[in-house]
Amino acid sequence: MGAAGRTLRRRVVVTGIGTVTPLGASTEETWAGLLQGRSAIGPITRFDPTGFPVTFAAQSPDPGLVHADWLSDRVPDPELAALAHGLKGRLAVAALREALEQSRFSLRGDRVAVCLGSEAARPELGDISARLRSGDLPQARELARLAPDAPTRLTAAIVGSTGPRSTTATACTSSSQAVGEAVLRIRRGEVDAAVAGGVDVLVDPIMVTGFARLGALSTRNDDPARASRPFDRGRDGFVLGEGAGFLILEEAEGALRRGADILGEISGFGCSCNAWRITDSPPDGRGAAQAMVAALADAGLRAEDIDYVNAHGTSTPMNDASETAGIHKALGDDIGRRVPVSSTKSLMGHLVAACGAVEAILCLLAARDGVLPPGINIEDPDPDCDLNHVGPKPVSAPVRHALTNAFGFGGSNGSLLLSAWAPG
């Protein structure tokens with residue numbers, strides 16, 4: 001789609017953002033930790049990992065129930081409010097509150113959509129399974145908050161949305177695709193605003209054991225801070241993380257009419273499926289390239305317009321090489337080697353269902369501050385990952401358009417294009 005076509009559709013802007021990540025309990029804490037190049041990866045403290053093949057992860061701070069009064073004012077029904085009592089719900093509520101308060105968002109009813117990426121509450125699922133075996137039957141409200149759509153139901157109640165509601169569970173692309181769906185609904189005129197994003201909690205014995213048996217996790221137990229090393233020749237797997245990222249999206253003219261502060265624009269979205277294998281991507285990066293090309297076309301932009309790529313960059317041998325091939329295929333070899341690229345997972349681990357939304361927020365902050373986020377631990381660059389890596393320190397540079405990638409187990413791919421707000 002060219003620039004002329006782009007003017008005929010409703011533009012979608014971001015008016016509020018909220019995050020909880022291993023780097024901090026708020027967006028600005030996360031951003032500050034990232035720009036300091038501080039790794040949030042360390043020994044697991046949530047359970048005793050003695051005897052496990054992997055003993056480290058990237059754990060998010062637990063906001064606890066500090067938002068209980070705020071929540072009860074908005075969700076008087078105790079059964080619905082109980083969805084926030086688990087760690088996953090607490091992370092979602094904290095990030096959502098930050099985004100809503102920044103946006104000064106008050107639109108309610110059927111003109112507001114809620115689109116979130118989320119998986120089942122895995123740690124609590126394991127706890128409840130153990131209780132069932134011992135004959136300790138859980139309450140209905142405990143079972144309700146295990147469902148993948150529990151954060152979506154809770155969010156809809158908090159914001160008073162009676163419009164479209166959806167939960168995307170496509171592993172690592174979940175929240176990227178949820179944001180993309182919300183953008184499409186606003187563009188088509190189905191709604192005027194949306195709450196979009198994702199939340200995930202992964203640091204529990206089942207997930208550590210499962211991903212370790214797949215050979216997907218780094219096993220650098222003696223040096224966790226250097227374990228996530230996307231695009232380095234010595235990478236040996238990803239690091240489990242967790243967190244939440246929420247964005248308030250609005251149709252641009254409505255946001256301007258109400259005097260909202262516009263943080264940026266979601267200018268493009270593309271997705272694809274590899275139809276290849278469950279655990280890794282095709283070596284030629286064709287599925288990744290297809291998503292990136294679609295996002296560019298959707299935004300009416302050219303490869304040379306991209307100022308920064310926030311790579312999926314998981315630190316697994318196959319993903320990083322495949323993504324590199326996809327970037328070259330989508331942007332061309334010359335631009336693929338020139339455009340600055342970093343993987344913020346090197347500092348905060350892999351947030352899985354939340355990573356797409358959180359990394360989109362980081363792209364908005366990069367455009368706001370004119371700073372390219374760092375990527376750490378590239379000590380011996382892999383020649384098969386011939387990209388222009390930002391390195392361990394942030395770089396000052398204008399960012400008009402940033403591309404962020406999310407590629408998931410099962411072969412799903414999602415790319416979002418974030419742009420600095422330019423009226424007209």
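For the stretch 388-419: of the residues being part of a strand (DSSP E or B) and of a type in the set (Gly, Ala, Ser), which is nearest to the chain's Cα centre (by Cα)? Lay out the reasoning, then the answer.
Just the residues of the stretch 388-419 that are part of a strand (DSSP E or B), to begin with: 388-389, 395-396, 401-407, 412-419.
If we keep only those that are of a type in the set (Gly, Ala, Ser) as well, we get 396, 402, 406, 412, 414-415, 419.
Numbers: Ser396: 23, Ala402: 15, Ala406: 8, Ser412: 14, Gly414: 11, Ser415: 11, Ser419: 17 Å.
Applying the filter and picking the extreme gives Ala406.
Glu251 fulfils the conditions (1) crowded, with 16+ Cβ neighbours inside 10 Å; (2) under 22 Å from Thr45 (Cβ atoms) except for a single criterion, (2). Taking the conditions (1) touching a His at 6+ places or on another chain (Cβ under 7 Å); (2) of a type outside the set (Asp, Glu); (3) at pLDDT below 95 in turn, Ala422 satisfies each one other than (1).
Among the candidates Ala227, Ala178, the residue that is touching a strand residue (DSSP E or B) at 6+ places or on another chain (Cβ under 8 Å), hydrophobic (A, V, I, L, M, F, W, C) and closer than 21 Å to Gly24 by Cβ is uniquely Ala227.
To keep it simple, each residue is scored yes or no on (1) in a helix (DSSP H, G or I); (2) over 18 Å from Ser176 (Cα atoms); (3) modelled with pLDDT of 95 or more.
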{"site": "Ala294", "(1), (2), (3)": "yes, no, yes"}
{"site": "Val309", "(1), (2), (3)": "no, no, yes"}
{"site": "Ser322", "(1), (2), (3)": "yes, yes, yes"}
{"site": "Pro374", "(1), (2), (3)": "no, yes, yes"}
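Scanning the stretch 118-164 for residues that are closer than 12 Å to Lys88 by Cβ and of a type in the set (Gly, Ala, Ser), which turns out modelled with the highest pLDDT? Among them, the one singled out is Ser118. Within the stretch 266-299, the set of residues being in contact with a strand residue (DSSP E or B) (Cβ under 9 Å, 6 or more places away or on another chain), aliphatic (A, V, I, L, M) and farther than 23 Å from Glu250 by Cα comprises Ala288, Ala289, Ala291, Met292, Val293. Checked against (1) surrounded by fewer than 24 Cβ atoms within 10 Å (Cβ to Cβ); (2) more than 21 Å from Arg302 (Cβ to Cβ); (3) in contact with a strand residue (DSSP E or B) (Cβ under 8 Å, 6 or more places away or on another chain), Ala367 passes all but condition (2). Here Glu304 meets the list (1) in a helix (DSSP H, G or I); (2) within 17 Å of the chain's Cα centre (by Cα); (3) of a type in the set (D, E, K, R) almost entirely, failing just condition (2).
Yes/no matrix, rows are residues, columns are (1) in a strand (DSSP E or B); (2) polar (S, T, N, Q); (3) over 21 Å from Trp421 (Cβ atoms); (4) in contact with a helix residue (DSSP H, G or I) (Cβ under 8 Å, 6 or more places away or on another chain):
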position: Pro230; (1), (2), (3), (4): no, no, yes, yes
position: Ile248; (1), (2), (3), (4): yes, no, no, yes
position: Ser281; (1), (2), (3), (4): no, yes, yes, yes
position: Ala288; (1), (2), (3), (4): no, no, yes, yes
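A search for C-beta distances below 6 Å between a residue of the stretch 352-378 that is not assigned by TED's automatic domain parsing to the domain that holds Ala40 and any residue that is basic (Lys, Arg) and surrounded by 24 or more Cβ atoms within 10 Å (Cβ to Cβ), counting only pairs 6+ apart in sequence or on different chains, returns Asn377/Arg229.
Screening Ala325 against (1) over 19 Å from the mean Cα position of the chain (by Cα); (2) touching a residue at least 40 places away in the same chain (Cβ under 8 Å); (3) within 17 Å of Arg229 (Cα to Cα) leaves a single unmet condition, (3). Out of the residues in the stretch 42-71 that are modelled with pLDDT under 90 and either among the charged types (D, E, K, R) or part of a helix (DSSP H, G or I) (or both), state the one that is nearest to Ala212 (Cα to Cα). Here the answer is Ala68.
The values are calculated or read from the model by the stated rules, or taken from the named source; none is laboratory data. Only a predicted model underlies this, so the values are computations on that prediction, with no experimental measurement involved. Don't worry about glycine lacking a Cβ; one is built from the backbone with ideal geometry, like all the others, and counts go over all protein chains shown.
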